[in-house]
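Encoded as C-alpha cells, the structure appears first; notes follow it.
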Amino acid sequence: MNTLLLFITLIFCSSIFAQVNTERFREDEDTVGFSGYIDLEGILATGNTDFQIISLGSRLNYNWGDDYTFIIADAGYGWENGNAFVDQIFAHLRHVITTGNLLQIEFFTQFDNNKKRLLLARELLGGGVRFRILKTEHFKFRLGTAYMFETERYDLHTNSTHPRTTSFHRFTSYVTFKYQLNKLLSFVSTTYYQPRFANLKDYKLFSENAFLIDTGEILDLFIKFNLRYDSRPPDTVKNFDTFSRIGFSFKFGGG
C-alpha cells in the first residue's frame with residue numbers, strides 16, 4: 001500500500017507539453033494488476049545562454065482483466081538566463097471497457113494548461129469507441145473516435161480578438177500504431193484530430209511520435225518528437241508548435 005501511495009503521489013506531483021501520448025504502453029493483455037512508468041527528462045546548456053529544462057511525467061495503469069483504468073500526469077518547467085519560460089501541466093484519466101476482440105468503449109477527462117500559449121486551463125470530458133484493428137508479433141494498429149466537451153480559459157486582455165473563455169462540443173479521433181523494429185527498438189506514433197461540431201474549420205491537430213529503446217526490465221531510453229497545430233489560436237500565439245526531447249523511462253509492475 002505504501003508503494004502504491006508513493007506512485008500516486010509521484011503522478012500528481014509530476015507533470016506536459018499540452019498533450020501526452022495516452023497510447024504509449026497501453027496494454028491489451030488480461031494480466032490483472034498495477035503497472036506504469038515514470039519519465040525523467042532534462043536539458044542543460046551554458047555559455048552565451050543559460051538554458052535548463054526539467055520534465056517529469058508518469059502513468060499508473062490498473063488492469064481489471066478485460067477492462068483497465070489509467071491516469072497520466074506530466075509537467076515541465078524551464079529557465080533561460082534565470083527567467084522561467086515554460087510552465088505547463090497535464091493530467092488525463094481514462095477508463096476502458098472491452099466488449100470483444102475488436103471494440104472497446106472509453107470514457108475520459110483531462111486538464112492541462114500552458115502559460116507559454118496563454119492557456120490558463122483546458123478541461124475535457126468525453127467518451128467514445130476504440131477499434132483494435134490489427135495486432136501481430138511486430139505491429140499494432142488502433143483507431144479511436146469520440147465526443148468531447150471542451151472548455152478553455154486564456155490569459156488575454158479584455159479587448160483581445162480571441163475570447164478569453166470558450167466552451168465547445170468537439171469530435172475527437174485518433175490513429176495509433178506501434179512497430180517493433182527489433183528486440184530492443186520500437187516506434188510509437190499517435191495522431192489526434194479534434195474539429196469543432198459547429199465549425200469544422202476550427203480544429204486542433206496533435207501528433208506524438210517516439211522511439212523507445214528497451215535497455216532492461218525497468219528502464220527504457222526514449223526520443224520524442226511532438227507536433228501541435230491549432231487553426232484558431234489566441235492573439236499573439238502561433239498556430240504551429242514542435243517539441244523534441246530525450247529521456248529515461250522507469251517501468252514498474254505488469255502483473
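Laboratory data are not the source of any read-out in this text; all were calculated from the coordinates shown. Fair warning: this is a prediction, and the values are worked out from it, not measured in the lab. FYI the Cβ positions are ideal-geometry reconstructions off the backbone, even for glycines, and counts take in every protein chain you see.
Below is a table of values for the structure above.
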item: Positive-end residue of THR161, PRO195, THR242, charge dipole of region 134-255 with Cβ unit charges; result: PRO195
item: Rounded FRET efficiency, nearest 0.05, which uses the C-beta distance separating THR158 from ASN101 and R0 of 41 Å; result: 0.15
item: Cα shape, region 118-255, gyration tensor, a/c 1.5 rule; result: prolate
item: Computed FRET value (nearest 0.05) for SER167 with LEU205, which takes r as the C-beta separation and R₀ as 22 Å; result: 0.60
item: Charge sum, other residues only, whose C-beta stays under 15 Å from ARG232's C-beta, Lys/Arg counted +1 and Asp/Glu -1; result: +3
item: Sparse-neighbour loop sites [trypsin sites (Lys or Arg not before Pro); region 160-199; at most 13 other C-beta within 10 Å; DSSP]; result: LYS183
item: Flagged links, alpha-carbon separation over 31 Å, of LYS135/LYS224; LYS116/LYS201; LYS183/LYS204; result: LYS183/LYS204
item: Pairwise label distance in nanometres, ARG232 with TRP64, each label 7 Å out on the Cα-Cβ vector; result: 3.7
item: Computed E for LEU40/PHE243 - FRET, C-beta separation, R0 22 angstrom, nearest 0.05; result: 0.85
